[in-house]
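Scroll down for the structure; my scribbles are underneath it.
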Amino acid sequence: MANEAERSGRSIAREKKRKETLMMLRQPVLAVTVVAVILLLLVFVVYPLVKVFAFSFSDEEGHFSAANLISILSTKRYLATMGRTLLLGLVVALISTFIGYIFAYTITRTKAPCKGFLTAIATLPILSPPFVLSLSMIFLFGKQGLITKTLLGIKGNNVYGAPALIVVQCMSFFPIAYLTLSGILSSIDASVEDAACNMGAGRWKTFWSVTFPLSLPGVISAILLVFISSLEDFSNPATIGGDFTTLSIEIYTTITGSYDMRKGAALALLLLIPAVIAYLLNKYWVNKKSFVTVTGKPTQARKLIDDPGVKWPLFIFCLLVAGAVILLYGTVFVASFVKTWGYDFSLTLMQYKKALSYGLDSLKTSMMLAFVSAVIGGFLGMVIAYITAKRHYYGKTFIEIASVLMFAVPGTVLGISYILGFNKKPLALTGTAAILVIVFIFRNMPVAVESGTTTLLQIDNSIEEASTILGADTGYSFRRITLPMLRNAFFSGLVYSFVKAITAVSAVIFLVSPRWNVITSKIYTLFDQAKYGQAAAFVTMMVVILLVFIGIFDGAIKALLAPKSKIPKESAANQTQEVA
């Protein structure tokens, strides 16, 4: 009986999908949009990844060969590098999730003071360039470190290596865990925990028997997301990793140092496979294992914890982490105005003058490319969310998977795939601005798609149906009704795309050219030349630019997408009286 019911359900679903597909074909704008999106995803998402796989399993003559992969798996150095990379990702994921959980619990469950301040600190690393924390570690604990040399008198301290890399990655990625867990903890029904307390369970017992099990899906999700971020991180291992080589650095060295693209592509597979597995586990398994009970019944307001034995220890821990973040960011800011760090601390603008003379053109290029890609990617993300959120048709599953696939692809692998895919005609894009814009669009678009989909699922279908009944086509309804409702989601996708585009390193390290060079590539070169003061000046300027552009985007979106009523107040009042 169960099998028959399943077969009947699948048959009904197929028939519904067939009918909606035929209905969609009667709407030219919608049909053309779906076809165009599928083609874009095939060309700029699927095709480059297929090229990496095909190139990895081929010899110089283009025939099938697994020699490169076998050579890598039989070389102890590569296996050791892979083991270090996975171990680093696991350690960073566990520590970052622990910190993120305490931040989320303190902010959502206690009456701790300064919650706005803690929230700002917990999100700051997401909006900052990737070099900030590595620079701070060098300024504070390096050979001329403020703490090691000036305060403690330790000369010649070597800050590079695994410990510093773990600290930097944990500070960089714990906001990911915080954002994931704060939503989970906020959604747990307060009455469930109150019931445990009413039955005699203490606060600690309630936490371990109720709160933590209900938030476990979020914990696992946070661990997987931070693990992916650590795997694909290039900038931190490249700048402060020292002898602790990770796979992303090994790939870069193999291609740029040994000029062995095939072995580099094979190494990219070793980095791609665990990242994609972790992403799929999070998206299709963890997200379905939700233990939070949400009912349609009214729920009581949550009673925040005011117990001094709970509130103050948690707050002090968060305050210590916040102090470390402020110290690291403040050090870079101060260093950008110092003449020579470690020798001459007199204030000067010399670092900014040198930095601008060295990379002003690259800074302008990064801003332009990031702006263009953010606008296009944000709008495309809203379109994909619109055509997938509430419709069922043939090809929808492909769009859903392919549109977010790039989020799981490490940036180094993405750069290699685009070199292999677009280095020859008819799509010879390597070395052009177009390839950088395209990489930014499809790399950062998944956030816009996800936020847009979540918003659309909360909008009643009757709103668009009313527009259709009044004679509006799909394009007009989307532009005048749906898009204004997606304002917040569009803003989130726009800001994320712009921030990640202007701070991208690994995804573009192989794609920049003398004509189209980005600022992060210039900063990476400054690290190689040990010109840390100029790097600090650039990083500070980037933070200011990001904050300014976020404000501009917010104002522009509110002005352009705010719902507008063309009915005067008097006319509206008359119509109301007539209806009455």
- Message: Here is a check on your reading of the model: is Phe538 surrounded by 18 or more Cβ atoms within 10 Å (Cβ to Cβ) and modelled with pLDDT under 90?
- Response: no
- Item | Long-range neighbours under 7 Å by Cβ, at least six apart or interchain, first residue within 18 Å of Ser172 (Cα to Cα) and touching a residue at least 24 places away in the same chain (Cβ under 8 Å) within the range 500-523, second among the hydroxyl-bearing types (Ser, Thr, Tyr) and assigned to a loop (DSSP other than H, G, I, E, B) | Thr520/Thr503
- Query: Tally time: how many residues in the range 118-160 are over 18 Å from Phe244 (Cβ atoms), of a type in the set (Val, Ile, Thr) and in a loop (DSSP other than H, G, I, E, B)?
  - Reply: 1
- Name the residues in the range 436-472 that are aliphatic (A, V, I, L, M), surrounded by 13 or more Cβ atoms within 10 Å (Cβ to Cβ), over 30 Å from Trp516 (Cα atoms) and modelled with pLDDT of 70 or more, would you? Leu456, Ala466
- If we ask which residues in the range 52-80 are touching a residue at least 12 places away in the same chain (Cβ under 8 Å) and among the aliphatic types (A, V, I, L, M), their number turns out to be 3
- Item | Which listed residue, of Arg14, Arg18, Arg26, is at pLDDT 70 or above, surrounded by 11 or more Cβ atoms within 10 Å (Cβ to Cβ) and not hydrophobic (A, V, I, L, M, F, W, C) | Arg18
- Scan the range 220-238 residue by residue and report those that are in contact with a helix residue (DSSP H, G or I) (Cβ under 6 Å, 6 or more places away or on another chain), of a type in the set (S, T, N, Q) and closer than 15 Å to Gly411 by Cβ. Ser229, Ser230, Asn236
- Query: Restricting attention to the range 133-161, which residues are surrounded by fewer than 17 Cβ atoms within 10 Å (Cβ to Cβ) and over 18 Å from Gly330 (Cβ atoms)?
  - Reply: Lys143, Leu152, Gly153, Ile154, Lys155, Gly156, Asn157, Asn158, Gly161
- Message: Return the residues of the range 64-95 that are exposed (fewer than 15 other Cβ atoms within 10 Å of the Cβ), over 30 Å from the mean Cα position of the chain (by Cα) and not in a strand (DSSP E or B); say none if nothing qualifies.
- Response: Ala66, Ala67, Ile70, Ser71, Leu73, Ser74, Thr75, Lys76, Arg77
- the range 198-245 - residue that is outside any helix (DSSP H, G or I), within 30 Å of the chain's Cα centre (by Cα) and hydrophobic (A, V, I, L, M, F, W, C) and, of those, surrounded by the fewest Cβ atoms within 10 Å (Cβ to Cβ): Phe244
- For the range 81-127, how many residues meet the condition of being farther than 17 Å from Val321 by Cα and free of Cβ contacts under 8 Å to residues at least 40 places away in the same chain? 2
- Task: State whether one or more residues within the range 129-145 are touching a helix residue (DSSP H, G or I) at 6+ places or on another chain (Cβ under 7 Å), hydroxyl-bearing (Ser, Thr, Tyr), under 27 Å from Ala278 (Cα atoms) and in contact (Cβ under 8 Å) with a residue 12 or more places away in the chain.
- Result: yes
- Task: Select from the range 99-147 the residues that are farther than 23 Å from Val499 by Cα and polar (S, T, N, Q) and list them in ascending order.
- Result: Thr106, Thr108, Thr110, Gln144
- Does Lys288 satisfy being basic (Lys, Arg) and at pLDDT 60 or above? yes
- Odd one out for Met406 among (1) modelled with pLDDT of 85 or more; (2) more than 22 Å from Ala489 (Cβ to Cβ): (2)
- Inside the range 415-428, can you point out the residues that are crowded, with 20+ Cβ neighbours inside 10 Å and part of a loop (DSSP other than H, G, I, E, B)? Phe422
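The values are calculated or read from the model by the stated rules, or taken from the named source; none is laboratory data. Remember, it's a predicted structure, so these values are computed and weren't measured experimentally. Positions of Cβ are backbone-derived with ideal geometry, glycine not excepted, and every protein chain shown enters the neighbour counts.
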